[in-house]
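Just so it is clear, none of the values below were taken in a lab; they were calculated from the coordinates. None of these values were measured; they are calculated from a predicted model. Neighbour counts are summed over all protein chains in view; Cβ atoms, including those assigned to glycine, are modelled from backbone coordinates with ideal geometry.
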Amino acid sequence: MEKNINNKSLINLFLFVVLFLFWINFFGAEEIFLALIMVTVLYIIVVNGIEFNLTFFVLFSFLFLHYMISFFYEFDNILHSIISIVNPLVFYLLGYLFVKFNSYKIDIFKKFLLTILLSHFIYGLLTFLKTYFMTNGNLGIPGFRVTYDLWSGNLLNATNFNSFLSFSITLAPVIFFKIKKLSMILKYSLIFCFIVGTVEAFWLGNRTALLLIIISLVATCILEWKKIKNIKFIISFVGVLIVMFTIYFLNVFNIATLLLNSPVFQRVGDSNSGSDPRFEAWQTALIGLFDYPMGGKLTNINLNYVHNLWLDVGYNTGVIPLFLLTLFTIFSLISIYKFIKNNYSDEVNILVIGFMVAFFVTFTLEPIINGYTKYFMTFCLFIGATQSMNNGKKLQKVDGK
């Protein structure tokens with residue numbers, strides 16, 4: 001028995017290290033770590049068996065149709081199409097099966113979330129610092145909103161880079177809300193991640209960061225309202241806001257000057273910021289679904305991508321894959337809602353809400369299926385783990401535990 005526990009602990013440690021190295025693309029060896037992840041999933045299946053559910057079937061159907069139609073339209077080659085089908089499925093199974101066959105499910109689930117957060121934060125911070133020193137601090141200037149990849153030195157546009165910062169930026173509720181049983185070390189670590197991630201995003205002129213902060217706070221208020229609707233919360237929340245506005249208006253430590261001169265506030269204040277070409281592309285692509293229901297990129301959107309996960313799928317491969325993706329999205333949102341209502345702990349709920357906001361805001365604004373497939377794979381792992389937690393809770397109720 002003790003030997004089995006030690007073996008499981010070693011497997012757990014191995015997996016989290018490999019996932020961490022995969023997400024930071026350690027020395028550009030992403031394919032090696034991906035292969036190790038696949039071997040781990042195969043091992044879990046061989047030892048414990050496999051379980052398919054409706055969400056997995058819908059995800060598989062969407063991926064298969066989308067990438068096979070892409071291959072038919074000659075948007076992609078067959079090898080890349082197969083890899084693009086397999087990878088998200090592997091990550092979904094990893095999240096689902098790894099949580100299911102571990103005794104301490106909530107601990108494993110929490111470690112998944114923290115590994116995602118920490119790996120993306122470290123990669124983002126080191127890439128930002130590398131770019132800062134290579135450009136002498138000239139980041140986010142008009143016409144040069146790019147970063148240099150940590151390992152290869154290749155250019156990475158600021159919008160793409162923002163996906164690595166998204167999880168840190170949605171930690172804003174940790175500052176405002178009282179979270180029970182959250183250790184001081186973890187609390188201040190999360191606050192540190194939020195501050196650093198937000199500074200990086202603002203310096204690069206990413207307006208999405210403002211959206212992530214606002215939506216994460218609103219979503220937490222809505223989904224956790226029963227826990228926070230008390231006079232202490234209202235007083236502390238208002239108090240923090242007053243302090244922040246006082247610091248800003250009095251320009252303490254020149255904070256107001258730094259903010260107003262930052263690339264993000266300059267872009268927000270730009271008179272052309274309201275005419276984002278993505279908005280026009282969304283409208284054109286949506287209307288184009290009626291003219292070209294089988295996709296094929298026949299609608300003229302004046303951009304390479306629609307910059308929206310769902311509309312990009314419809315634009316590329318038509319309404320059938322779009323319907324399946326929408327179904328997968330609905331299942332995912334239901335799973336997240338059920339998880340939050342299961343009341344595991346405030347700290348885990350805050351992370352889950354933040355991740356939900358990060359994923360769906362990024363999905364809405366960026367060409368995920370065309371350029372950020374790794375981000376979509378991470379989402380599949382997140383949903384697989386979330387659904388496994390929900391099923392575990394359901395079994396506990398049936399057993400009367």
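If contacts are Cα pairs under 8 angstrom and at least 6 residues apart, what is the relative contact order of region 51-202 in percent? Could you put the intermediate results ahead of the total?
Details: 107 pairs, mean separation 24.5, N = 152.
Result for region 51-202 is 16 percent.
By per-residue mean of other Cβ atoms within 10 Å, what is the highest-first order of 362-372, 148-158? Working shown, then result.
Values: 362-372: 21.2, 148-158: 15.4.
So the order, starting with the most tightly packed, is 362-372, 148-158.
Can you work out the FRET efficiency for the pair ASN304 and ALA35, with r the C-beta to C-beta distance and R0 = 30 Å, to the nearest 0.05?
Details: r = 30 Å, r/R0 = 1.01.
Rounded to the nearest 0.05, the efficiency is 0.50.
Going down the list LYS100/LYS374; LYS8/LYS341; LYS130/LYS180; LYS178/LYS374, which pairs span over 26 Å between their C-alpha atoms? Please report the intermediate quantities before stating the final value.
Numbers: LYS100/LYS374 23 Å; LYS8/LYS341 29 Å; LYS130/LYS180 37 Å; LYS178/LYS374 33 Å.
Among LYS100/LYS374; LYS8/LYS341; LYS130/LYS180; LYS178/LYS374, the Cα-Cα distance tops 26 Å for LYS8/LYS341; LYS130/LYS180; LYS178/LYS374.
Calculated FRET efficiency, VAL319 and LEU250, Cβ-Cβ r, R0 60 Å, to nearest 0.05? Walk me through the numbers before you get to the answer.
Numbers: r = 55 Å, r/R0 = 0.91.
Rounded to the nearest 0.05, the efficiency is 0.65.
Net charge near TYR375, counting Lys/Arg +1 and Asp/Glu -1 over other residues with Cβ under 15 Å of its Cβ? Don't jump to the answer; show the numbers that get you there.
Numbers: positive: LYS374; negative: GLU30, ASP312, GLU366.
Taking every Cβ under 15 Å from that of TYR375, the sum is -2.
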